[in-house]
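Below: one structure, written as structure tokens.
The values are calculated or read from the model by the stated rules, or taken from the named source; none is laboratory data. Bear in mind that the values here come from a model prediction, so they are computed numbers and not experimental data. Neighbour counts are summed over all protein chains in view; Cβ atoms, including those assigned to glycine, are modelled from backbone coordinates with ideal geometry. These area figures cover heavy atoms from the full protein model, side chains too; ligands, DNA and RNA do not enter into them. Shrake-Rupley method; radii C 1.70, N 1.55, O 1.52, S 1.80 Å.
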Amino acid sequence: MANKIKACGIDEVGRGALAGPVVVACVLFKNYQNIPHGIADSKKVNKKNRVILYKKIKSLACVGIGVIHSNIIDRLGINQATNIAADISLNKIKILPNKILIDGNIKIKSKLNIINIIKGDRNYVSIAAASIIAKVSRDQIMQAYSKKYQSYSWSSNMGYGTKDHLLAIKKYGITSMHRKTYKIKVLENI
């Protein structure tokens, strides 16, 4: 049993948003026989089921979450901020994996066996679970911000560049939660 593979999955949410943090989650299932049914890429799971799966995953897996806010993203750039959030998420899980499956091109500082997989959230349950944890965690953060910044519709757009959000930026300007280094060229067409 000592040689049993313990693979964790890592995925991010919020990389392309105009406001709010980038959130990276790391998930390592304690028992592969007890994985909740319905886990898929968070974009393919409706909001209600994401929240249900989020709770199940948190109860059945080791979960680490890394959050890097917009002011740090502006200072470091989105790639480095995402990489740091990934390192934080990995360091928060309590069981050391012997394999790390990462969606996309996130880079982490680890001597463990790392495999970057394009569209890994579609093919690996631990990455899909990390996608769900990251999405629900970030949505909770944006819901909290939306109470303070109601004009930006973050409760529905989660800080992404929707038409309503872009119109609000044009009308009210940017907030401390916006990524100031992002160029919002679309505003010229609204």
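Remarks
- Enumeration of residues in segment 4-48 that are among the small types (Gly, Ala, Ser) and in contact with an Asp or Glu (Cβ under 9 Å, 6 or more places away or on another chain): Gly9, Ala25, Ala40, Ser42
- Cys26 fulfils the conditions (1) surrounded by fewer than 24 Cβ atoms within 10 Å (Cβ to Cβ); (2) of a type outside the set (Asp, Glu); (3) at pLDDT 95 or above; (4) not in a helix (DSSP H, G or I) except for a single criterion, (1).
- Condition check for Arg75: open to solvent by 10 Å² or more (accessible area, probe 1.4 Å) and outside any loop (DSSP other than H, G, I, E, B): yes
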